[in-house]
1. Which of the residues spanning the stretch 265-274 are assigned to a strand (DSSP E or B) and surrounded by fewer than 19 Cβ atoms within 10 Å (Cβ to Cβ)?
2. Among the residues of the stretch 97-142, what is the count of those that are closer than 22 Å to residue 250 by Cβ and either surrounded by 16 or more Cβ atoms within 10 Å (Cβ to Cβ) or outside the structural domain of residue 211 (by TED's automatic domain parsing) (or both)?
3. List pairs: first in the stretch 49-71 and at positive phi, second part of a loop (DSSP other than H, G, I, E, B) and modelled with pLDDT under 95, Cβ under 6 Å, 6+ apart or cross-chain?
4. Taking residue 77 as meeting all but one of (1) in a helix (DSSP H, G or I); (2) on the phi > 0 side of the Ramachandran plot, write down the number of the exception.
5. Based on this model, can you work out whether residue 43 counts as assigned by TED's automatic domain parsing to the domain that holds residue 300, modelled with pLDDT under 95 and of a type in the set (S, T, N, Q)?
6. Consider residue 187 carefully, then state whether it is of a type in the set (Val, Ile, Thr), assigned to a loop (DSSP other than H, G, I, E, B) and not assigned by TED's automatic domain parsing to the domain that holds residue 293.
7. Working carefully through the options 151, 156, 161, find the one that is exposed (fewer than 15 other Cβ atoms within 10 Å of the Cβ) and either in contact with a Ser or Thr (Cβ under 8 Å, 6 or more places away or on another chain) or in a helix (DSSP H, G or I) (or both).
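The values are calculated or read from the model by the stated rules, or taken from the named source; none is laboratory data. Note that the structure is a prediction, hence the values are computed from the model and not measured. Every residue, glycine among them, receives a Cβ derived from its backbone with ideal geometry; neighbour counts consider all protein chains shown.
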Amino acid sequence: MRTLYATIAGFLVAATATLGHAQIDPELPEYTPTQGVFGTLKSVGSDTLNNLMTLWTQEFTNFYPSVKPEIEGKGSSTAPPALIEGQSQFGPMSRKMKSSEMDKFEQRFGYKPVAIRSVIDCLAVYVHKDCPLDAISLPQVAMVFSVAGSDMTWGDLGVTDSTYANKPINLYGRNSASGTYGYFKKVALAKNDFKATVKEQPGSSAVVQAVATDRFSMGYSGIGYKTADVKVLKIAYDNGEEAFPPEAEYAYSGDYPIARFLYIYINFDARKALDPLRAEFIKLIFSQQGQEVVLNDGYFPITADIAREDLESLGLDTDF
């Protein structure tokens, strides 16, 4: 099962050597503003990234007050068509584009879109703050949320508390337009379909809010949406193995099983220079100020090495 995480784990292990804990890589540059940046900054895509895109644009407009941001977060599946139709400059996604989405883009423009890895997220499994359960394994997650398992009670997960043991687990999740929905299905559910009893919510925060108000509930959402009214479960790769919390050091080391990059896709023609508005916004994301926003919003920052790779893919300066 660990092979499912090999790609991201390689990057995160490298990050461990650089950072170890949630802190900003000192090699990332301070952002300094330039001239000639104006216009409307349009972003359409991931709800998970909606908060970050809003916070980044707020930081950006502090440097460029004439820039007008328009941020729409209705799910990762809305990002590719918005880029293709020219309705956005940025397509935030909490999953990678599917090959079919990439193909449609390439048919239109003759080249593929470019993705930047803007942040590291732990997809968390949430329960009510009073729930006695503290840890779960990926096989158990699949049994709880997917058709691979029957309808389950808390006792099926080893909970002996009489208040919980015989109560059914009420399930909350995202809708199918969400990249989080797709990622959780692929990685946590081993591609099994969700149970019909999973109550689909319109956004990441809505899942957490639902769990907070339902004592016998379990849901999944990004770690950046955690509140005081919910608890996140430690997760193990397999039954009987050590479970780890969704914290920075375990995301970077690969010990936490469902850590992921959050992406921003861009329509970039390598034969042309990126326009100043998009270029400067991306530089801001990969700066000390941009990754400070990441930390403050509850996510984990990327390393300078990742920033250099992604800036280079867009023909931007990597001299730091």
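1. From the stretch 265-274, those assigned to a strand (DSSP E or B) are 265-266; that's our starting set.
Correct list: empty.
2. Going residue by residue through the stretch 97-142, those that are closer than 22 Å to residue 250 by Cβ are 117-127, 129, 131, 133-142.
So of that shortlist, the ones also either surrounded by 16 or more Cβ atoms within 10 Å (Cβ to Cβ) or outside the structural domain of residue 211 (by TED's automatic domain parsing) (or both) come out as 117-127, 131, 133, 135-142.
Residues meeting the conditions: 21.
3. none
4. Unmet condition: (2).
5. Numbers: assigned by TED's automatic domain parsing to the domain that holds residue 300: yes; modelled with pLDDT under 95: no; of a type in the set (S, T, N, Q): yes.
No, not satisfied.
6. On the way: of a type in the set (Val, Ile, Thr): yes; assigned to a loop (DSSP other than H, G, I, E, B): no; not assigned by TED's automatic domain parsing to the domain that holds residue 293: yes.
For residue 187, the condition - of a type in the set (Val, Ile, Thr), assigned to a loop (DSSP other than H, G, I, E, B) and not assigned by TED's automatic domain parsing to the domain that holds residue 293 - is not met.
7. Values: 156 fails: exposed (fewer than 15 other Cβ atoms within 10 Å of the Cβ); 161 fails: either in contact with a Ser or Thr (Cβ under 8 Å, 6 or more places away or on another chain) or in a helix (DSSP H, G or I) (or both).
The match here is 151.
Quick grid of which residues meet (1) part of a strand (DSSP E or B); (2) closer than 22 Å to residue 314 by Cβ; (3) touching a residue at least 24 places away in the same chain (Cβ under 8 Å):
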{"residue": "103", "(1), (2), (3)": "no, yes, no"}
{"residue": "117", "(1), (2), (3)": "yes, yes, yes"}
{"residue": "120", "(1), (2), (3)": "yes, yes, yes"}
{"residue": "123", "(1), (2), (3)": "yes, no, yes"}
{"residue": "142", "(1), (2), (3)": "no, no, yes"}
